[in-house]
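The structure appears below as C-alpha cells.
Each value in this text was obtained by applying a stated rule to the coordinates, not by laboratory testing. Predicted, not measured: the structure shown is a model, and the values here were computed from it. Quick reminder, even Gly has a Cβ in these numbers, built from the backbone with ideal geometry, and neighbours come from all protein chains shown.
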Amino acid sequence: MGTEDNAVAKFLHIADIHLGFDRYDCRDRTKDFFYALKDVLERYAIGESVDFVVIAGDLFEHRNIQPAVLNQAQLCLQQLQAAQIPVLAIEGNHDNRPYGTPTSWLRYLADWGLLKLLEPNPPTDDQPFYSPWDPASKTGGYIDLDCGVRVVGSAWYGASAPQAVSKMAAGIAELPPGPPQTVALFHHGLEGQIARYAGAVRLKDLLPLKEAGVDYLALGHIHKQYSADGWIFNPGSLEANNVEEGIYQRGAYLVEIDRQGIRAELKQAYRQRPIVRLIVKAKGQESPEELAEMAEGTVEAAIASQTLIPEQAPIVELRLQGQVGFDRSELDVRALQKKLQHRSNALIFLLKYEVDEAAYGSPLADSADRQQVEREVFLDLLSAHRSYRNRAGFLAQGLISLKDGALSGSPDDRLYEQATDLLLADPEEAEDEADADESDADESDADESI
C-alpha cells in the first residue's frame, strides 16, 4: 500500500490459538482449534487481503508438541505465505522456550520462514534492546513493513511484566525514525478483566509504551475479548479452552490503522464449537427418578428453544444443584450422563453433581427432657430420607420403643420381630388403632364416673 503518511494499513490480530489442545481427551475437540485458526485466516486474513497478521502469543497449547500439531500450524502458515501475507509473532507462556533452552517450535517455524518471531535481545551492555529484523539470520526484535507500520515484539515476562514494559518503552524510544504507525505485541493480561487472576498489569503500567510511540498494543493471554483506553486490544482465544469460558466474547480483531486513528472490529463468524450450560435445581423433595426426569426435561427444553442444537454436536454442561433427600449412590449419574449425551448429540457432556443432602435440625426448647430430644433426633434423621419422610412420626415412636426394649433386655428375636412389624406396618392403620384404643379408654373412664 506504500509508505505515505496517510496510508491505511490493515492487519489481523489473533492470540491464544492453543493448537494441540488436549483437555477432555477428545480428538475431535483437539481438531476444533485447528479448524478455528484455519477458518479465521481464510476469512479475515486472506479474504480481507490484510497487509500482515500478528499472533500475540500461545500459538501452541504445549511447549512440546506432536507432529500432527506442528503440521496443523505449517498448513495454516503456508496458506498465508502463498498469499504473501507476513506473520509476526511472539511467544506466550504456553509455547515459550524453557529457561536455558535455545529454541522452541516458534523458533523452528521462523527458521523455515513461515513467520517472523520478534524477540528483544538478551540484556547485555554491547547491544540495544531491539535489533531490526534480519532476513538472513531470521532474527530481530522489530520490523518496518511496506504498509507503513512498525511492529515491535516482546517475550513472556510473567510476574516481571511491569519492569519489562519500562525496558520495552526505553528500547522503542531509542529506535531510529520509521513508519508513522507502531504496533507492539505483548502477552500479558490487564488488571480487572477476569476474576482470580493474579499478576495482571495495571493500565498505568502500560502507559510508558504509549508515551514511547505505540499506537496499537496487541495483547494476548486472557481468553476473553476486551479493549482499553482506545489503544489496547485483546481479542481473546479463538476457541474456548473450557466450558466456563463459553460465556466470554472472543474472536479476531480486523484492524485498520492510519494517522486518523484505529478502527478495530472483532470478528466472530468463524467455525467454533457451541457450548451450552444448563442448571437443574433440586428442592429436597425429589426422588432420584424425579431428579433424573428433571434433568431430561431441562435438556429437552433447551432443544425445543434452540438453545441446544443436536445437529451441531455441542459441548454441554449440566449442573445438578440444590438439596436432595437421598444418598448420591441412589442416582446412577454415569447412566444419566450417557443418556443425556445421546439425546443432545453432544461431543462432550459434562454432568456435574453439586447437590447437598438435605439436613434437618428441629429447634428444641432448653427445658426439653431426654425423651423429647431423642424423638426429635429420630424425626430429623427420618425426615432427611425420602423413603421415610412421610411416616417419620410413626417410625420415630417405634424406634424409641425398640431402644427401650433393647435397654430392658428384650430377646433379640423379639426385637427383630418388633422392627419387622414396624417397617411393614401401615402408619395410618396404626394411628387409627391408637385412636381407637384412646376412645375405648375414654368410654371406660366415662362408665366408671356414672
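Which lysines have a Cα less than 30 Å from the Cα of Lys267, not counting those fewer than 8 places away in the same chain?
Hits, sequence-local ones excluded: Lys10, Lys31, Lys38, Lys116, Lys204, Lys210, Lys224.
Return the Rg/Rh value of the range 9-267, two decimal places, where both radii are evaluated on C-alpha atoms and Rh is the Kirkwood radius.
Result: Rg/Rh = 0.93.
For the range 322-331, what does the Karplus curve 6.51 cos²θ - 1.76 cosθ + 1.60, with θ = phi - 60°, yield as ³J(HN,Hα) per residue in whole Hz, taken in order and with x for Gly and Pro?
x, 10, 10, x, 9, 6, 4, 4, 7, 10
Per q in 0.12, 0.17, 0.26 Å⁻¹, report the Debye log10 I(q)/I(0) for the range 186-262, using one uniform scatterer on each alpha carbon and no solvent.
-0.35, -0.68, -1.33
Regarding the chain, what's the average projected area of the Cα-atom convex hull, expressed in nm²?
So the mean shadow area of the Cα hull is 35.5 nm².
Can you tell me which of Asn71, Asn96, Asn241 moves the most in a GNM of the chain? Springs connect C-alpha atoms under 10 Å apart.
Asn71
Out of the DSSP beta bridges found with both residues in the chain, what percent are antiparallel (nearest 5)?
35
Counting Lys and Arg as +1 and Asp and Glu as -1, each charge on the Cβ, what is the dipole of the chain about the Cα centre in debye, to the nearest 20?
Magnitude of the dipole: close to 4540 debye.
How much mean residue ellipticity at 222 nm does the chain get from its helices, if each DSSP H run of length 4 or more adds -39500 (n - 2.57) and you divide by all residues, to the nearest 500 deg cm²/dmol?
-11000 deg cm²/dmol
Running Debye on the range 271-313 with equal point scatterers at the Cα sites and no solvent, what base-10 log of I(q)/I(0) appears at q = 0.25 Å⁻¹?
Once normalised to I(0) and log-transformed, intensities are -0.88.
Considering only Pro310, Ala56, Leu422, whose Cα is most displaced toward the positive end of the charge dipole of the chain, charges sitting on Cβ of Lys, Arg (+1) and Asp, Glu (-1)?
Projecting each Cα onto the dipole axis, the largest value belongs to Ala56.
Highest mean first, how do 231-239, 22-30, 280-288, 394-402 rank when packing is the count of other Cβ atoms within 10 Å averaged over residues?
Averaged packing, sorted descending, gives the order 231-239, 394-402, 280-288, 22-30.
Looking at Leu238, Tyr253, Thr298, which one has the Cα that reaches farthest to the positive end of the dipole of the chain (charges on Cβ: Lys, Arg +1; Asp, Glu -1)?
Going by the charge dipole, the pick is Tyr253.
With an 8 Å cut-off on Cα pairs and a minimum separation of 6 or more residues, tell me the relative contact order of the chain in percent.
It rounds to 12 percent for the chain.
Quick one: divide the alpha-carbon radius of gyration of the range 117-173 by 2.2 N^0.38 Å and tell me what you get.
Output field value: 1.15.
With r as the distance between the Cβ atoms of Arg259 and Met294 and R0 = 45 Å, compute the FRET efficiency 1/(1 + (r/R0)^6) and round to 0.05.
Numbers: r = 60 Å, r/R0 = 1.34.
Computed FRET efficiency for Met294 and Arg259: 0.15.
Treat every Asp and Glu Cβ in the range 149-253 as -1 and every Lys and Arg Cβ as +1, leave all other atoms uncharged, and give the resulting dipole magnitude about the Cα centre to the nearest 20 debye. Intermediate results must be reported in sequence, preceding the final value.
Numbers: 8 positive and 9 negative charges, 16 e Å.
I would put it at about 80 debye.
All other residues with a Cβ under 10 Å from the Cβ of Gln79 taken together, and with Lys, Arg as +1 and Asp, Glu as -1, what is their net charge?
Residues close to Gln79 contribute a combined charge of 0.
Of the options Val87, Tyr353, Leu70, report the single residue whose Cα projects farthest towards the positive end of the charge dipole of the chain (beta-carbon charges: Lys, Arg +1; Asp, Glu -1).
Working it through, the farthest residue towards the positive pole turns out to be Val87.
Let me understand the range 275-357 better: what is its radius of gyration from the alpha carbons, and its Dmax, in angstrom?
12.2, 36
Please give the FRET efficiency for Ser287 paired with Ala419, using the beta carbon to beta carbon distance and R0 = 22 Å, rounded to the nearest 0.05.
Computed FRET efficiency for Ser287 and Ala419: 0.35.
Along each principal axis of its Cα atoms, how long is the range 299-344 end to end? Whole angstroms, biggest number first, please.
35, 19, 14
About the Cα centre of the range 195-298, how large is the charge dipole given +1 on each Lys and Arg Cβ and -1 on each Asp and Glu Cβ? Please answer in debye to the nearest 20.
360
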